[in-house]
There are 2 protein chains.
Amino acid sequence: MDDETRKIPSHEVTYGRLRDMILFGRLEPGQPVTIQGLVKELDAGMTPVREAIRRMTAEGALLPQGNRRVAVPNLTPALLEQLAFVRLTVEPKLAELAGAALTPALIDRLEAIDGAVDAAIKGGRVSDYLESNHAFHFALYEASGAPLLVDIARSLWLRFGPSLRVVCARYGATALPDRHEEALAAMRAGDVKGLARAIENDIQQGIDQIRQAQEAGEI
Amino acid sequence: MDDETRKIPSHEVTYGRLRDMILFGRLEPGQPVTIQGLVKELDAGMTPVREAIRRMTAEGALLPQGNRRVAVPNLTPALLEQLAFVRLTVEPKLAELAGAALTPALIDRLEAIDGAVDAAIKGGRVSDYLESNHAFHFALYEASGAPLLVDIARSLWLRFGPSLRVVCARYGATALPDRHEEALAAMRAGDVKGLARAIENDIQQGIDQIRQAQEAGEI
DNA sequence: GTTCAAGAAATTTGATCAAATTATCCCGCC
DNA sequence: GGCGGGATAATTTGATCAAATTTCTTGAAC
């Protein structure tokens with residue numbers, strides 16, 4: 001363990017932890033994030049925490065408040081609209097690129113991950129759902145060979161995470177749709193366009209859910 | 001001056017300076033960026049410099065080298081292709097949104113900026129061209145009311161900057177096209193779609209130039 | 001005697017921490 | 001309701017430690 005810990009710098013570890021906290025909604029929209037709070041919570045030094053916060057801020061996952069504090073941003077309807085536009089452009093494209101590079105081994109792996117997604121939905125475990133859903137999408141996207149697009153998708157998911165968690169927790173994970181079967185069927189059939197459409201539908205559905213929650217004033 | 005300097009934190013200033021160095025190509029692709037080098041060059045403390053570097057890294061404007069150094073990334077053909085895809089999606093959209101919100105005052109301002117672009121081209125001043133060209137685009141984009149899209153455009157320009165500078169310096173600024181007249185004409189005519197097309201052409205042309213330089217092995 | 005390579009020392013650079021400074025917020029008081 | 005003053009947190013600096021690169025040296029082979 002000491003060998004591992006020594007290799008990977010503390011600020012990377014700290015960044016990863018903070019990122020997951022936001023990505024998987026362990027921090028709520030609007031919640032303030034303080035350096036000293038994270039120092040205690042993550043048991044890290046001040047410098048690594050500062051750097052992690054700056055990185056998240058640069059990615060739009062944290063929002064400077066003018067007074068030198070930062071907080072988890074609220075997803076306003078206007079922001080959601082912009083987010084939707086880019087996600088619906090970039091992620092189907094990623095699916096298309098990945099579709100052209102799929103291997104049987106990768107499809108198997110995606111099936112296994114989707115199994116975990118299903119299990120999480122059936123069991124009503126929101127955190128597991130969010131993590132395995134994320135894993136499914138990015139295991140696919142990574143196969144695209146387009147790291148810049150993957151980076152952009154990642155930063156968009158970060159802005160999405162906190163609100164999605166709230167919505168899931170509200171409706172319960174059992175109500176969540178799983179469009180991954182559609183995607184997997186297209187993969188098996190070698191239907192690249194169909195895969196892109198399935199991913200598009202999946203994303204659209206997630207966006208619609210958040211939009212509905214917004215209109216209902218729930219977030 | 002002390003009032004100004006005290007208000008805006010040092011790490012913000014440092015970040016802004018480093019960002020401009022990359023955005024306007026004062027750092028070449030492949031060039032290593034060191035903390036201590038920037039500490040001396042920008043006359044800043046170590047922490048602000050570290051944070052600026054982390055932010056730029058998070059935006060993809062600097063690339064970690066594995067050994068804990070960072071450098072200005074080279075724009076490979078594969079990256080350029082991904083970059084082109086997103087820019088050609090996001091920036092025409094920004095132009096379209098901005099087109100619906102244009103005021104005569106803003107058009108006047110854009111005309112003035114375009115005058116500076118022209119003057120820089122005629123005078124062969126590459127730096128001035130890059131800065132006023134950037135100013136033109138983002139003055140327009142800011143009017144879109146879509147800050148998330150503007151953020152994305154900004155990060156894409158950052159990845160573009162260093163290579164664009166090399167290309168401009170090679171071909172000379174006098175050879176640079178200026179599609180802004182087309183855009184301004186569309187603005188005056190209230191032709192939103194035409195404005196979006198003009199911006200799309202402008203971007204496409206810049207991308208083509210870099211692509212040609214890549215194929216010629218010049219960058 | 002020259003050349004090359006391996007290894008060790010020195011230098012450069014990055015990572016982390018702790019203390020001092022400064023700004024902001026909040027609460028009691030006028 | 002506006003105005004200090006204490007508490008809290010962010011900023012910044014400088015020092016220290018660790019890692020990596022470069023340079024220099026040494027020894028062996030040709």
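Each value in this text was obtained by applying a stated rule to the coordinates, not by laboratory testing. It should be emphasised that the depicted structure is a prediction, and the values quoted were computed from it without experimental measurement. Quick reminder, even Gly has a Cβ in these numbers, built from the backbone with ideal geometry, and neighbours come from all protein chains shown.
Annotations
- Cα centroid separation - region B:111-144 against region B:9-75, whole Å: 24
- For A:E142 and B:D43, a Förster radius of 56 Å and the Cβ-Cβ distance give a FRET efficiency of 0.85, rounded to the nearest 0.05.
- In order through region A:178-189: 3J(HN,Hα) via Karplus (6.51 cos²θ - 1.76 cosθ + 1.60), integer Hz, x for Gly, Pro: 10, 8, 6, 4, 4, 5, 5, 4, 5, 4, 5, 7
- Gain on full extension, evaluated as 0.36 nm per residue between A:A116 and A:R26 minus their Cα-Cα distance, stands at 30.4 nm.
- Highest-MSF residue in chain B out of B:I207, B:I53, B:I35 [GNM, Cα springs under 10 Å]: B:I35
- Comparing A:L75, A:L38, A:L63 in a Gaussian network model of chain A, where Cα atoms under 10 Å apart are tied by springs, the biggest mean-square fluctuation is seen for A:L38.
- Gaussian network model of chain B, Cα within-10 Å springs - most flexible of B:V86, B:V117, B:V70: B:V86
- Couplings 3J(HN,Hα) of region A:144-155, computed from phi: 6, x, 10, x, 5, 5, 5, 4, 5, 4, 4, 6 Hz, in residue order, whole Hz [Karplus 6.51 cos²θ - 1.76 cosθ + 1.60, θ = phi - 60°; x for Gly and Pro].
- Pair-distance distribution of region B:2-71: all C-alpha pairs, bin width 10 Å, starting at 0; shares per bin in whole percent are 20, 56, 19, 4, 0.
- Here the 3J(HN,Hα) profile of region B:29-46, calculated from phi with Karplus coefficients 6.51, -1.76 and 1.60 at θ = phi - 60°, is x, x, 5, x, 10, 10, 4, 5, x, 5, 4, 6, 5, 9, 6, 10, x, 6 Hz, Gly and Pro shown as x.
- Debye intensity ratio I(q)/I(0), log10, chain A, q values 0.15 Å⁻¹ (C-alpha model): -1.04
- Using a Förster distance of 22 Å, the FRET efficiency for B:Q36-B:S127 (Cβ separation, nearest 0.05): 0.25
- Two-site FRET efficiency, A:N74 against B:Q212, from Cβ-Cβ distance with R₀ of 41 Å, rounded to 0.05: 0.35
- Annotation: extensible slack from B:E182 through B:Q65 equals 37.9 nm (criterion: 0.36 nm per residue apart, minus Cα-Cα distance).
- Between the amide H of A:V33 and those of A:V70, A:A71, A:V72, distances stay under 5 Å, these residues lying 5 or more places away or on another chain, with hydrogens modeled in the peptide plane.
- The orientation-averaged shadow of the Cα convex hull for the protein assembly as shown, equal to a quarter of the hull surface, comes to 23.5 nm².
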